[in-house]
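Structure first, commentary second.
The values are calculated or read from the model by the stated rules, or taken from the named source; none is laboratory data. Small disclaimer: the values here were computed from a predicted structure and weren't measured. Note: ideal-geometry Cβ built from the backbone for every residue, glycine included; neighbour counts use all protein chains shown.
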Amino acid sequence: MNKKPLAVTLMSAAAFGMMLGTSCKKENGNVVNERSVLAGKPPKTDSTITGVITSNLFLSNTKNYLLSGLVYVANSATLTIEHGTWIGGIKSTGTGPGGGLIITRGSKIIADGLLANGTNDPIVFSSNEANPVSGDWSGVVLLGQAPTNHAAAVRIEGIPDNEPADATYGGPANNNSSDNSGILRYVRIEYAGYELSTDNELNGLTLGGVGNGTILDYIEVYKSKDDAFEFFGGTVNASHLVAIDALDDMFDTDNGYSGTISYALGVSDPNRADKSQSNGFESDNNAAGGYVTPYTHPTYNNITIIGQPTAAAASITNGQPSGNGKYGRAAHLRRNAEFAINNSIFLGFNYGITQDTTLPGGVPGVPNTLSKYWSGISTLTTNYVHAYINAYDKEGNSNHFAITPLGTTNKAYVSTNPNASILLSAPFAATRVIGNYIPQSLSPAKNAGAFPTGNTTWANGWTIL
């Protein structure tokens with residue numbers, strides 16, 4: 001890998017892709033070499049970025065940008081990306097990760113797309129392949145200085161050894177809940193994810209110790225190879241999230257994450273399932289599961305999670321791409337995690353909201369995930385849950401048992417038709433549009449879920465579904 005502070009190559013347009021000439025100039029201290037646009041690319045010059053960015057950098061929407069290998073923003077630098085900019089990760093040709101963007105602790109990204117006055121101009125991170133597929137490149141990583149429940153700083157998952165910049169988060173020195181890693185707004189991340197080793201992966205958007213001074217709003221992750229969104233600790237709040245066709249989980253929270261996720265939609269891939277089981281939510285305190293604080297305690301408000309249209313589809317054990325992929329639960333809450341789930345809709349999984357009763361590596365007497373719910377530490381309020389087997393479920397040692405949720409506001413539906421009672425518009429339609437996931441007028445959930453009744457516009461223009 002090129003370990004210079006920044007290497008940038010720019011490509012200028014030329015008729016029929018012919019090289020018209022080569023010139024060099026200086027731009028913010030970086031060498032710029034011009035060449036022709038690649039065939040089939042948008043009619044903009046292309047710029048390749050590698051290595052470590054150690055001073056402020058502005059990316060203009062007059063160019064496309066290519067990420068070669070893992071690109072780090074470090075040394076308290078700020079990377080500013082103009083609305084309408086396209087950034088493509090170059091696929092790896094070896095055993096290492098493809099292109100990816102990592103914002104290290106103390107640095108920032110300002111990626112503020114546009115959806116105003118009828119103008120749809122998001123920032124798009126995608127694969128540079130002509131025929132992109134899930135996992136072509138490594139995705140976007142934000143690392144902050146907010147609390148986690150790690151005893152020491154640890155390297156974020158999915159990063160190889162001997163990288164040229166610090167990719168750690170967490171530890172006792174990082175206790176700034178209001179830490180600010182910048183802005184991601186009206187941003188789409190497509191075809192990302194990289195598996196360094198089993199259970200050691202980068203996602204579409206990976207967040208480690210990110211603080212609540214950071215703005216995460218209107219973000220879609222499309223066809224990620226692992227999770228769409230994963231929150232490793234931190235306190236950041238996020239809203240208007242869309243997770244489409246993630247291979248593994250749609251929303252994953254662990255290591256002491258305590259922010260709020262509001263107005264989010266997750267739709268399961270009908271053609272792929274992960275070997276670790278594909279879930280809507282997955283939430284852990286940490287891998288050990290025991291008495292480690294701060295506890296993971298996310299708040300989920302107005303979420304819609306869509307699984308599979310039939311029990312047979314939800315029950316496969318030989319799903320692609322691994323040949324042993326399977327679907328799991330609409331929400332898997334485990335390993336001593338805490339939670340608050342409000343005004344949300346789940347349908348199309350064998351098991352809806354599942355809480356674990358086992359506590360691997362735990363301390364005797366420490367409450368498990370389910371007992372924290374029974375004691376009121378965790379809460380479920382006004383949720384509409386369909387499942388093919390158990391809508392509300394407890395799980396221990398791979399055994400499942402139906403439970404009745406506390407109070408009267410949570411509704412359970414167990415049937416072969418996942419939409420018979422919740423009555424979304426068309427949640428399993430082959431042609432996906434935002435309106436498919438809105439409760440119909442007679443739906444008991446018409447005031448719950450990611451999309452308030454009649455709101456068909458908030459994700460239009462920047463999502464691709």
If we ask which residues in segment 176-189 are touching a Pro at 6+ places or on another chain (Cβ under 7 Å) and touching a residue at least 60 places away in the same chain (Cβ under 8 Å), their number turns out to be 3
Would it be correct to say that Asp284 is acidic (Asp, Glu) and more than 23 Å from Gln355 (Cβ to Cβ)? no
Gly352 vs (1) out of contact with any His (no Cβ under 8 Å at 6 or more places or on another chain); (2) in a strand (DSSP E or B); (3) surrounded by 18 or more Cβ atoms within 10 Å (Cβ to Cβ); (4) not polar (S, T, N, Q): all pass except (1)
Can you find even one residue in segment 327-335 that is over 16 Å from Glu395 (Cα atoms), in a loop (DSSP other than H, G, I, E, B) and at pLDDT 95 or above? no
For strands (runs of 3 or more DSSP E) lying entirely in segment 178-239, having 2 or more residues that are at pLDDT below 95 and more than 15 Å from the chain's Cα centre (by Cα) picks out 194-197
- Query: In this structure, is Asp46 more than 23 Å from the chain's Cα centre (by Cα), over 17 Å from Ser224 (Cα atoms) and acidic (Asp, Glu)?
  - Reply: yes
Residue count, segment 422-461, condition part of a loop (DSSP other than H, G, I, E, B) and either in contact with a His (Cβ under 7 Å, 6 or more places away or on another chain) or crowded, with 20+ Cβ neighbours inside 10 Å (or both), comes to 12
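Filter segment 300-320 down to the residues that are surrounded by fewer than 16 Cβ atoms within 10 Å (Cβ to Cβ) and of a type outside the set (A, V, I, L, M, F, W, C) and list them by number.
Thr310, Ser315, Thr317, Asn318, Gln320
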Checking Gly435, Gly449 in turn, the sole residue that is on the phi > 0 side of the Ramachandran plot and modelled with pLDDT under 95 turns out to be Gly449
For segment 259-276, the count of residues that are crowded, with 24+ Cβ neighbours inside 10 Å and either modelled with pLDDT under 95 or over 16 Å from the mean Cα position of the chain (by Cα) (or both) equals 1
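Residues are listed down the side, and each one gets a yes or a no for (1) at pLDDT 95 or above; (2) charged (D, E, K, R); (3) closer than 16 Å to Thr463 by Cα; (4) in contact with a Lys or Arg (Cβ under 8 Å, 6 or more places away or on another chain):
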position	(1), (2), (3), (4)
Glu82	yes, yes, no, no
Thr104	yes, no, no, no
Ile109	yes, no, no, no
Leu114	no, no, yes, no
Ile123	yes, no, yes, yes
Ala153	no, no, no, no
Ile159	no, no, no, no
Matching residues in segment 396-454 (touching a residue at least 60 places away in the same chain (Cβ under 8 Å) and touching a helix residue (DSSP H, G or I) at 6+ places or on another chain (Cβ under 9 Å)) number 8
Residue pairs within 6 Å by beta carbon, gap of at least six or interchain, first lying in segment 69-98 and over 18 Å from Val133 (Cβ atoms) and in the same structural domain as Pro122 (by TED's automatic domain parsing), second surrounded by fewer than 24 Cβ atoms within 10 Å (Cβ to Cβ) and of a type in the set (D, E, K, R), listed first then second, are Thr78/Lys108; His83/Asp121; Gly84/Asp121
A careful count of residues in segment 277-295 that are part of a loop (DSSP other than H, G, I, E, B) and under 17 Å from the mean Cα position of the chain (by Cα) gives 4
If you go through Gly211, Gly234, the only one that is in contact (Cβ under 8 Å) with a residue 60 or more places away in the chain, out of contact with any helix residue (DSSP H, G or I) (no Cβ under 7 Å at 6 or more places or on another chain) and buried (at least 24 other Cβ atoms within 10 Å of the Cβ) is Gly234
Is at least one residue of segment 127-139 surrounded by fewer than 18 Cβ atoms within 10 Å (Cβ to Cβ) and acidic (Asp, Glu)? yes
Would you check if Leu143 is surrounded by 17 or more Cβ atoms within 10 Å (Cβ to Cβ) and closer than 22 Å to Asp217 by Cβ? yes
- Query: In segment 239-247, is there at least one residue being free of Cβ contacts under 8 Å to residues at least 40 places away in the same chain, crowded, with 23+ Cβ neighbours inside 10 Å and on the phi < 0 side of the Ramachandran plot?
  - Reply: yes
Selection from segment 127-173 of residues at positive phi and free of Cβ contacts under 8 Å to residues at least 60 places away in the same chain yields Asn162, Gly171
Scanning segment 387-411 residue by residue, those more than 26 Å from the chain's Cα centre (by Cα) and among the small types (Gly, Ala, Ser) turn out to be Gly396, Ser398, Ala402, Gly407
Given the conditions (1) of a type in the set (A, V, I, L, M); (2) modelled with pLDDT under 95; (3) farther than 17 Å from Thr253 by Cα, every one holds for Ile306 apart from (2)
